[in-house]
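Worksheet for the structure shown next.
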Amino acid sequence: MAAVVLMTLPHERQLILATTLRSTVLAPVLRLQSGLADMGTMRARVEHLRVERDSFSVKLLALQNVAEENLRLRMLLELAERGTSTFVPANLYLAGRAGEGVKRAFVLDIGRNASVQADAPVVAPGGLVGVVRAVGRGQSTGDFWTHPQFRVSAMTVDGRVFGIIKSLGDSPPLMELDGAPYQVELTPGTELVTSGQGGVFPRGIPIGRVAELMSAEAGWARSYRVRPAVYPDAVREVMVLIGGGETSDVTELWTSEGQR
Amino acid sequence: MAERGVFRLGLLVVVLALAFLHFALSPVFDSWYASPNLLLCAILVASRQLRPGAAAFIGFSLGLLEDAMAVSYFGLATLTLTLLAYLGSLTRDLFLGEEPLFIGTFLFVGTWLYEVVSFLVLGAGGDALSFILLRAPLDGLATGAAGYLVLPFVRAR
């Protein structure tokens, strides 16, 4: 009876209950879980980082002069620093339960202590990962884009076609672009980014690429199958948007110029 | 009377240890193709030793923790594990004894049932047939093996 009551609780209450349990009874377990997950990934990355460090130290020497020159020129031209969005790095751990073929939820190792708030977008170098749902003191929980209730407003990079992205629930996970206008047909490979509409995700986060046309409601709308930019199983380090993001444009972070 | 108290304490320690390991080792188990569900193992093993009410309470408590780890479909694990614990306890009237083969089969069936129900209710993606006939049975076997290992610690004297 009590279990049925739990299922029928409002989602906000369920989140509060889950957050309370995670920050009390499950807190030591989560810390150990994070440690174990870190150990696994760290072992593989140490060698990779060693090689990277060597090449970066060479590059850094050359870049120091360029950076100083850049700063002087900016001051001369009175230009502000680029971008108003603030991201914080976080480690992501998969959360799930038996019977889940595709992971839908994750836990981050940062929370209120890093100014993370509910509905904060979570991104990876590849693009959109998901959204934070519940925030605790030192950790938070969120949904991947694979979650059945996840929706994000999307558009083509040129801003001509808009639609809503949702998960198709397949394995391997794919997305669906729904509600795209009938008059314009998108070709496979067309890149989709967040449109900035809806007040949660800033404009310009890569979502994925159009794979194929799924259906066309005569004279009304088209829907496409979309190959995601980021697969939940392949992401461990993420960035969480903590300020100025909802209304900003982060396109430049993913353009070749912004990544340079 | 004192022996009974020691037995109950031992059972509680085993249940808590299995639950702890279930959550702590989940990143390790995630990378295995077939992994034991230690939470279910704890609940089912305990349900064979307890009355239906007490078993259902353990199923409810541990199910709540499982739900807290993944906020989607909150309450599903609580409900399923409570029911499984209750039904598991009722089997004490039908099947007597704690033969390792019987306990292994009991854990196998319980795990398979739980994973298949979760899979169907969650509407999870992927090949349903492969999950129901291959993945869930393998998890069931692994859980059965884990149960076999903890059995000496919880068997009623």
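Rule-based calculations on the coordinates, nothing more; no lab input. Small disclaimer: the values here were computed from a predicted structure and weren't measured. When we count neighbours, we look across all protein chains shown, and the Cβ atoms used for this are built from the backbone with ideal geometry, even at glycine.
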Arrange the peptides A:14-22, B:25-33, B:94-102, B:81-89 so that the one whose residues have, on average, the most other Cβ atoms within 10 Å appears first.
B:81-89, A:14-22, B:25-33, B:94-102
Between residue A:149 and residue B:95, what is the label-to-label distance in nm when each label sits 7 Å out along the Cα-to-Cβ direction?
3.8 nm
Which order, highest average first, do B:54-67, A:57-70 follow once you tally other Cβ atoms within 10 Å for each residue and take the mean per peptide?
B:54-67, A:57-70
Shielding score for A:88-95, defined as the mean number of other chain Cβ atoms within 10 Å
2
So if R0 is 60 Å, what FRET efficiency would residue B:29 and residue A:73 give, r being the distance between their Cβ atoms, rounded to the nearest 0.05?
0.65
Note: A:148-159 gets an average of partner chain Cβ contacts (10 Å, Cβ to Cβ) equal to 1
Pairwise FRET efficiency - residue A:212 versus residue A:4, Cβ, R0 = 35 Å, nearest 0.05:
0.25
Along the charge dipole of chain B, pointing to its positive end and built from +1/-1 on Cβ of Lys, Arg, Asp and Glu, which listed residue (B:57, B:38, B:24) has its Cα farthest out?
B:57
At 222 nm, what value in deg cm²/dmol follows for the protein assembly as shown if DSSP H runs of at least 4 each add -39500 (n - 2.57) and the sum is divided by all its residues, to the nearest 500?
-15500 deg cm²/dmol
List the residues, sorted by chain then number, that are 5 or more residues from residue A:105 or on another chain and whose placed amide H is less than 5 Å from its amide H.
A:95, A:144
Vicinal HN-Hα couplings computed from phi for the range A:90-97 (Karplus, 6.51 cos²θ - 1.76 cosθ + 1.60; Hz; Gly/Pro x)
8, 8, 10, 10, 5, 10, x, 8
Of A:32, A:154, A:116, which is farthest on the positive side of the dipole of chain A, counting Cα position, with +1 on Lys and Arg Cβ, -1 on Asp and Glu Cβ, and the Cα centre as origin?
A:32
Which value, in debye to the nearest 20, gives the size of the charge dipole of the protein assembly as shown about its Cα centre, when Lys and Arg are +1 and Asp and Glu are -1 at the Cβ?
1040 debye
Compute the acute angle (0 to 90°) between the alpha-carbon long axis of helix B:52-69 and the principal axis of greatest extent of the alpha-carbon atoms of chain B; round to the nearest 10°.
40 degrees
